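Okay, so here's the structure we're looking at.
The values are calculated or read from the model by the stated rules, or taken from the named source; none is laboratory data. Predicted model only: the values in this text are computed from it and were never measured. Note that we place each Cβ from the backbone using ideal geometry, even for glycine, and neighbour counts take in every protein chain shown. In case anyone asks, the SASA skips ligands and DNA or RNA and just uses the protein heavy atoms, side chains included. Shrake-Rupley method; radii C 1.70, N 1.55, O 1.52, S 1.80 Å.
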Amino acid sequence: AHASEEHDYQDRPQDCAGCHATLEEDEGFELADGTFLSARVDEDSLTHSVHGSDLECTDCHRRMRGYPHEPVRALGEREYRLEMAQTCNRCHYDHFTHLLDSMHFEQIREENLDAPTCIDCHDNHAIQPPSEPRLAISDRCATCHDEIAETYAASIHGQSLAEGFEDAP
């Protein structure tokens with residue numbers, strides 16, 4: 001079900017979160033390839049993210065000013081995620097340019113659709129400092145690098161980190 005088809009939005013709050021936090025998971029939009037994406041945003045996760053008190057929704061979603069929103073142009077979910085990850089570059093330019101030489105960006109340049117973007121590792125709305133908790137770094141890497149993560153977890157360093165020694169390599 002698409003958000004615009006089932007609800008009368010005149011009764012909803014006028015800010016982004018007021019509307020998107022009240023959506024059901026099955027409310028959202030369809031991309032050109034038929035992929036459906038939910039438009040629901042967990043307001044609590046967003047509020048407690050590193051950007052929660054500093055940014056407005058339209059700082060990242062610049063084309064989404066006003067309602068009805070401009071249609072999403074991306075052909076599929078991966079293209080949409082790649083496009084949205086580019087918004088990180090606006091504020092995090094130093095990090096972004098530093099990562100241009102990374103293996104992940106090399107994979108993106110080679111059009112590997114599985115290559116991770118900023119939002120694949122750091123999330124899109126529930127963004128936390130990358131090292132809080134420090135074990136989260138290993139957990140994020142493990143989503144793609146499970147064999148390496150298992151080896152690390154079994155090592156003295158991984159075990160020390162799991163036991164709460166935050167300065168473990």
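Scanning the range 98-118 for residues that are within 30 Å of GLU43 (Cβ to Cβ) and hydroxyl-bearing (Ser, Thr, Tyr) turns up just one, THR117.
Exactly one residue among THR87, THR151, THR143 is polar (S, T, N, Q) and in contact with a Cys (Cβ under 6 Å, 6 or more places away or on another chain), and that residue is THR87. When the range 119-151 is filtered for residues that are at pLDDT 85 or above, within 25 Å of the chain's Cα centre (by Cα) and over 24 Å from ARG40 (Cβ atoms), the ones remaining, listed by number, are CYS141, ALA142, CYS144, HIS145, ASP146, GLU147, ILE148, ALA149, GLU150. Would you confirm, using the coordinates I've provided, whether CYS60 is under 15 Å from the mean Cα position of the chain (by Cα) and either of a type outside the set (Val, Ile, Thr) or modelled with pLDDT under 90 (or both)? Answer is yes for this residue.
Test CYS118 against the stated conditions and say whether it is of a type outside the set (Lys, Arg) and open to solvent by 40 Å² or more (accessible area, probe 1.4 Å). Criteria not met by CYS118.
Here ALA17 meets the list (1) in a helix (DSSP H, G or I); (2) modelled with pLDDT of 85 or more almost entirely, failing just condition (2). On the stretch given as the range 96-109, residues that are modelled with pLDDT under 85 and surrounded by fewer than 14 Cβ atoms within 10 Å (Cβ to Cβ) total 4. Residues in the range 123-144 that are free of Cβ contacts under 8 Å to residues at least 24 places away in the same chain and among the aliphatic types (A, V, I, L, M): ALA136, ILE137, ALA142. Open to solvent by 70 Å² or more (accessible area, probe 1.4 Å), over 27 Å from GLN86 (Cβ atoms) and not in a loop (DSSP other than H, G, I, E, B): does that describe GLU147? So GLU147 passes the test.
For the range 43-94, the candidate set comprises residues that are touching a strand residue (DSSP E or B) at 6+ places or on another chain (Cβ under 9 Å) and assigned to a loop (DSSP other than H, G, I, E, B); within that set, the residue that is most open to solvent (accessible area, probe 1.4 Å) is PRO71.
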